[in-house]
Amino acid sequence: MKNIHDILNQALAPENEPSDWLIQNILAQSKEVTPMKTTHNRRFATAALSCALVLGIGSLTVYAAWNYLKPAQVAEQIGEDALRDAFSGENAIYMNETQSCGGYDVTLLGITSGKSLTEYKYWANDHSVTSGYSEDSMPKEWKDGLIEQNDRTYVVFAIKNESQTPSCGFDGFSIFPVVEGYDYETYSGMFENASGGHQTEQDGVLYFMYECNNLEKYADHAVYMCISDDSPAFSEYSYIYDNASGTLARNEEYEGLNALFSLPLDASKADPDAAKEEVKEYEARQKRLAEEPGKPFAEWIQKAYDFVEQITPENIDAYATPITEEGATLTFAPDNQGRVDISYMFQGNGSRIYIRPEELFEDGKTQAVSSTGASSESLSSILVEHFTLNEDGTVTLQLYRANFPD
């Protein structure tokens, strides 16, 4: 018996839709394809979650007509011919499922997996990730221990914003897979290893081609893709999860983007033995990294941190000077979930924390301090942040410069 997903897909699909093979040949012979701006991006995992997961989307999902580029067309536009062919082949899965949240329409267009499908490559070792078209272009010191990540899953999204063309790419939101039965906090790096992708824009639509480690070997588990603008990307504010039952759903109260897609991977392609071996290797690598001694900071940075560490709300005026320039004093209001999104950029330095006031101000206090910076060779990059909880629930941030001794 067909389920409601099958019925809706059949009802809304064009009756005589041309094959992907025919579409690609027509495009190849046409000189009238609208040019698209293309950039390459990398994204690193920042979220954390501890639970086994099962999908619970609810009424969010809607089914879109074929009004976007197809995955093979996106691959061709970004110059990846082998990936174009893969999205035109039998291994490709087309979905065309749209979810609307946070002012965005996010459509999951399709999925494919395989080895050596792109010219743009990613290399990774225990400590770093680099990317490009040729290993020969890498500095010699980068090559040590780097392994090419060439067995990948590729997922294509179309993203529209209600008021403007999304152009922020991976800097604006996070895309990441979640596999049921694998603790996200522990294993996200295994699935997202050297994750990244390509983005391109046409007719007000931003297309993302996300790539990560090949997920097919885990096809005997439920596998999901998340797109979130939360920070951290996977939190209890944007997704509701239950450790006891292992259920996962979007938090309908979250005001931002928190799309949640279930990937219909072919269960016959699951490889439990290969998955077990990958997990074993990943766990051994993580254990090895945890036992490695950390590299010491440069002497000047360590001294700066030691100085800033002694600053408290009570003595801040003795150790730092308030900045009076525009943008150094900001006030933030809580959202409907009681969180304050404290985001700022000041003279090239900044930070973002998305937090409840009770988490920022401990033990009922109304003032707190923190610091950011030390990313350049100048002590002026270090900013001292002084937070004040106001009676109306807003939070005021005042930036200071530390009075470092000569």
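The values are calculated or read from the model by the stated rules, or taken from the named source; none is laboratory data. Predicted, not measured: the structure shown is a model, and the values here were computed from it. We place every Cβ from the backbone using ideal geometry, glycine too, and count neighbours over all the protein chains shown. Heads up: the accessible areas ignore ligands, DNA and RNA and are worked out on the full protein's heavy atoms, side chains in. Shrake-Rupley method; radii C 1.70, N 1.55, O 1.52, S 1.80 Å.
Sorting LYS303, LYS140 by accessible area (1.4 Å probe), largest first, what list results?
Working: LYS303 125, LYS140 155 Å².
Result of the area sort, largest leading: LYS140, LYS303.
Please tell me which of these pairs span more than 20 angstrom C-alpha to C-alpha: LYS115/LYS287; LYS303/LYS365; LYS115/LYS217; LYS217/LYS280? Present the calculation step by step, with values, prior to reporting the outcome.
Working: LYS115/LYS287 28 Å; LYS303/LYS365 28 Å; LYS115/LYS217 13 Å; LYS217/LYS280 14 Å.
Table pairs above 20 Å Cα-Cα are LYS115/LYS287; LYS303/LYS365.
Length gained on full extension, ASN315 to HIS127: 63.8 nm, using 0.36 nm per residue less the C-alpha separation. Rounded to the nearest Hz, the phi-derived 3J(HN,Hα) couplings of the range 258-265 under the Karplus curve 6.51 cos²θ - 1.76 cosθ + 1.60 (θ = phi - 60°) are 8, 5, 9, 10, 9, 8, x, 5, where x marks glycine and proline. Peptides 101-114, 267-280, 388-401 ranked from most to least packed give 101-114, 388-401, 267-280, packing being the mean of other C-beta atoms within 10 angstrom over each peptide's residues.
With the simple spin-label model, which puts each label point 7 Å out from Cα in the Cβ direction, the ASP335 to ASN91 separation comes to 3.8 nm.
The HN-Hα couplings worked out from phi for the range 311-328 by the Karplus form 6.51 cos²θ - 1.76 cosθ + 1.60 (θ = phi - 60°) are 7, 10, x, 6, 10, 4, 5, 7, 10, 8, 10, x, 8, 9, 6, 4, x, 8 Hz, whole numbers, x standing for Gly and Pro.
Give me the extension gain from ASP81 to ARG352: residue separation times 0.36 nm, minus the current Cα-Cα distance, reported in nm with one decimal. Walk me through the intermediate numbers first.
Working: separation 271, 0.36 × 271 = 97.56 nm, distance 3.87 nm.
The ASP81-ARG352 span can extend by a further 93.7 nm.
Sorted largest first by accessible area at a 1.4 angstrom probe radius, with every protein chain in place, the residues TRP300, TRP123 fall in the order TRP300, TRP123.
Taking θ as phi - 60° and the Karplus parameters 6.51, -1.76 and 1.60, the scalar couplings of the range 339-354 work out to 9, 10, 8, 8, 10, 7, 9, 10, 6, x, 10, x, 6, 9, 10, 10 Hz in sequence order, x denoting glycine and proline. Here the calculated FRET efficiency for SER116 and ASP392, from their Cβ-Cβ distance with R0 = 56 Å, stands at 0.45, rounded to the nearest 0.05.
Think of a 1.4 Å ball rolled over the protein heavy atoms: the range 342-381 then has 60 Å² of accessible area per residue.
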